[in-house]
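As structure tokens, the structure follows; a few thoughts come after it.
The values are calculated or read from the model by the stated rules, or taken from the named source; none is laboratory data. Because the structure is a prediction, the values reported are computed rather than measured. Ideal geometry is used to build each Cβ from the backbone, glycine not excepted, and the neighbour counts take in all protein chains shown. We work out accessible area using only protein heavy atoms, side chains counted, and drop any ligands, DNA or RNA first. Shrake-Rupley method; radii C 1.70, N 1.55, O 1.52, S 1.80 Å.
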Amino acid sequence: MTPQPLDRLRELFAKVDAFFANASARHGGRMACATGCSDCCRRRFSVTSIEADALREALAALPEADRAALAGRARAGDPGVCPALDGEGRCALYAARPLICRTHGLPIRFAPSGGRALPVIDACPKNFVGEDLDAIEASSVLDQTTLSTVLAALDMAHADAAGRPRGQRAAIASVLSGEG
């Protein structure tokens, strides 16, 4: 049986998590990422349709009281904070968090907007402090273009299988509130 797009997404999540774990192990104290550090969660994001469905599955598995708390934060919580973030700085849907959340903190190679510039490497300002990010070995740098291409392909396959338009995005807050 051919794996379904959501199964493939979970495989991608596992690969990105393993990449993060390897980079973190390799660079130890140079990466400040740890449980409770939530600076990267201090905004509201949108996600692909397939990631929204993964969040909906995880949300459905939570007890009703937890779902209600998340919906309340999504509707009336701080508009500058991800509604999945709890009071201790932890993600209530950590296992289903989208790729944008899984990659925060890593050195990431991306092409600047506008097209013709060379790719650049960036990372959380708390990580690799005072270091030249271009000097980090390539095996510790995640390529955003590749990751985005794979995610887009999975999202298109998911949309096609569900009979939905391709390329739709959903705000995480809308997913958690049940509005999207």
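Looking at the range 64-80 only, could you name the residues that are open to solvent by 80 Å² or more (accessible area, probe 1.4 Å) and either hydroxyl-bearing (Ser, Thr, Tyr) or outside any helix (DSSP H, G or I) (or both)? So that I can check it myself, show each step before the final result.
Of the residues in the range 64-80, the ones open to solvent by 80 Å² or more (accessible area, probe 1.4 Å) are 64, 75-76, 78-79.
Once the filter is applied, which keeps residues that are open to solvent by 80 Å² or more (accessible area, probe 1.4 Å) and either hydroxyl-bearing (Ser, Thr, Tyr) or outside any helix (DSSP H, G or I) (or both), the range 64-80 yields 78, 79.
Does residue 95 satisfy the condition of being under 15 Å from the mean Cα position of the chain (by Cα) and without any contact (Cβ under 8 Å) to a residue 24 or more places away in the chain?
no
Considering only residues that are touching a Leu at 6+ places or on another chain (Cβ under 6 Å) and assigned to a loop (DSSP other than H, G, I, E, B), look in the range 94-111 and name the one that is nearest to residue 60 (Cα to Cα).
106
Do the conditions hold for residue 54, that is, is it free of Cβ contacts under 8 Å to residues at least 60 places away in the same chain, outside any loop (DSSP other than H, G, I, E, B) and either of a type in the set (D, E, K, R) or in contact with a Leu (Cβ under 9 Å, 6 or more places away or on another chain) (or both)?
It is true that residue 54 is free of Cβ contacts under 8 Å to residues at least 60 places away in the same chain, outside any loop (DSSP other than H, G, I, E, B) and either of a type in the set (D, E, K, R) or in contact with a Leu (Cβ under 9 Å, 6 or more places away or on another chain) (or both).
Taking the condition of being open to solvent by less than 40 Å² (accessible area, probe 1.4 Å) and touching a residue at least 12 places away in the same chain (Cβ under 8 Å), how many residues in the range 102-119 meet it?
In the first step, residues of the range 102-119 are kept if they are open to solvent by less than 40 Å² (accessible area, probe 1.4 Å); the result is 102-103, 105-108, 112.
Narrowing further to those that are touching a residue at least 12 places away in the same chain (Cβ under 8 Å): 102-103, 105-108.
Total meeting the criteria: 6.
Can you find a residue that is out of contact with any His (no Cβ under 9 Å at 6 or more places or on another chain), outside any helix (DSSP H, G or I), surrounded by fewer than 17 Cβ atoms within 10 Å (Cβ to Cβ) and at pLDDT below 95 anywhere in the range 11-33?
Yes, because at least one residue in the range 11-33 is out of contact with any His (no Cβ under 9 Å at 6 or more places or on another chain), outside any helix (DSSP H, G or I), surrounded by fewer than 17 Cβ atoms within 10 Å (Cβ to Cβ) and at pLDDT below 95.
Each row is one residue, and each column tells you yes or no for (1) part of a loop (DSSP other than H, G, I, E, B); (2) open to solvent by 40 Å² or more (accessible area, probe 1.4 Å).
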position	(1), (2)
82	yes, no
128	yes, no
151	no, no
157	no, yes
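Considering each residue of the range 37-58, count those that are open to solvent by less than 30 Å² (accessible area, probe 1.4 Å) and of a type in the set (Asp, Glu), and give that number.
Qualifying residue count, the range 37-58: 2.
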